[in-house]
Amino acid sequence: MNPYESFRTPPYQVFFDVETTGLSPWSGDRICEVGIVIAQGEQILETYASLVNPLRPLSTEAAAVNGLTDEILRHQPTFAEIADEVIERLDGQIVVCHNAPFDLGFLQSELARLGRTWQPRQVIDTLELARQYFHFASNSLPAVAAALGIAVQEAHRALSDALTTYRVFRYFQEVLDAQQNEPSLIPLALARSWDAQAKIESELPPLLRQALEAQSDLEILYQDGRGNLTRRRIRPLQVLPTPDRLYIVAYCYLREEERHFRLDRIKILPPGAVEDV
């Protein structure tokens with residue numbers, strides 16, 4: 001009997017998290033740690049964790065966040081060596097992530113290197129749930145956990161973050177189910193084909209892609225929801241796909257904080273442009 005056979009039948013939820021060498025799989029960053037928690041309701045059925053040799057150096061920023069080193073990772077299995085173990089645990093299940101496009105985008109990038117494709121049966125993103133149904137000062141996983149009084153054993157390590165996502169999800173589910181006065185999975189279960197990386201590759205403008213890879217600034221015109229145009233200087237940090245559109249997470253110099261910008265409302269100005277609003 002296949003050792004993973006018992007995890008193939010829904011309604012198991014598989015909480016998935018990765019640590020990476022940097023922020024951009026499209027510029028060559030790789031997975032360096034995988035964490036998985038398999039659960040059914042209040043019961044955790046299995047946990048799985050593996051460090052991964054990314055076959056490239058960690059960025060300084062990534063090493064500072066996750067505390068890993070190139071020397072530690074050099075002696076770990078490559079993703080090719082653990083790919084079957086990972087996919088066996090995810091396949092056919094409800095995959096839950098905090099910022100699913102990031103984690104699943106890196107997973108799909110790693111599989112593409114191996115000439116493999118995979119699509120989750122269903123995805124739930126606790127980051128999207130936090131944004132849509134709650135009002136936290138910050139929606140990062142550590143901040144949400146702290147606001148809910150959830151202890152985090154080792155922030156920014158894959159298994160610890162997967163366990164934290166599980167606990168955050170359980171809280172969200174209880175609150176949202178109570179509001180509906182009937183049992184349900186969760187309102188924002190995203191039952192769809194998930195191909196975040198392909199969406200990014202097809203829609204991201206070249207100047208924006210270059211700014212993400214170089215962590216450099218861009219001048220843009222941005223139209224808000226009321227139709228107002230403002231000229232802004234931003235430093236793009238991350239691409240956030242949703243079912244309907246792409247968002248750019250960027251530091252906005254005008255607002256002096258990190259903001260989310262809808263890609264379809266951005267007009268990227270070429271270097272030296274004098275266009276004004």
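Just a few scattered comments:
- Out of Ala62, Ala137, Ala146, Ala130, sole residue that is farther than 17 Å from Val37 by Cβ, surrounded by fewer than 16 Cβ atoms within 10 Å (Cβ to Cβ) and not aromatic (Phe, Trp, Tyr): Ala137
- Verdict on Asp70 being exposed (fewer than 15 other Cβ atoms within 10 Å of the Cβ) and touching a Pro at 6+ places or on another chain (Cβ under 7 Å): yes
- Where a residue in the stretch 31-52 is touching a residue at least 12 places away in the same chain (Cβ under 8 Å) and its partner, wherever it lies, is among the basic types (Lys, Arg) and surrounded by fewer than 18 Cβ atoms within 10 Å (Cβ to Cβ), with Cβ under 9 Å and at least six apart: Ala39/Arg170; Glu42/Arg170
- Selection count, the stretch 135-177, where residues are part of a loop (DSSP other than H, G, I, E, B) and free of Cβ contacts under 8 Å to residues at least 40 places away in the same chain: 14
- Considering the stretch 122-134, and only residues there that are part of a strand (DSSP E or B) and not β-branched (Val, Ile, Thr), the residue that is nearest to Arg170 (Cα to Cα) turns out to be Asp125.
- Screening Phe15 with (1) surrounded by fewer than 22 Cβ atoms within 10 Å (Cβ to Cβ); (2) within 17 Å of the chain's Cα centre (by Cα); (3) at pLDDT 95 or above gives one miss only, at (1).
Conditions tested, residue by residue: (1) of a type in the set (Ser, Thr, Tyr); (2) modelled with pLDDT under 95; (3) surrounded by fewer than 18 Cβ atoms within 10 Å (Cβ to Cβ).
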| position | (1), (2), (3) |
| --- | --- |
| Val86 | no, no, no |
| Leu107 | no, yes, no |
| Trp118 | no, yes, yes |
| Val152 | no, yes, yes |
| Asp177 | no, yes, yes |
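- Of the residues making up the stretch 104-140, those that are over 16 Å from Glu88 (Cβ atoms) and of a type in the set (Asp, Glu) are Asp125, Glu128.
The values are calculated or read from the model by the stated rules, or taken from the named source; none is laboratory data. Please read all numbers here as calculations on a predicted model, not as lab measurements. When we count neighbours, we look across all protein chains shown, and the Cβ atoms used for this are built from the backbone with ideal geometry, even at glycine.
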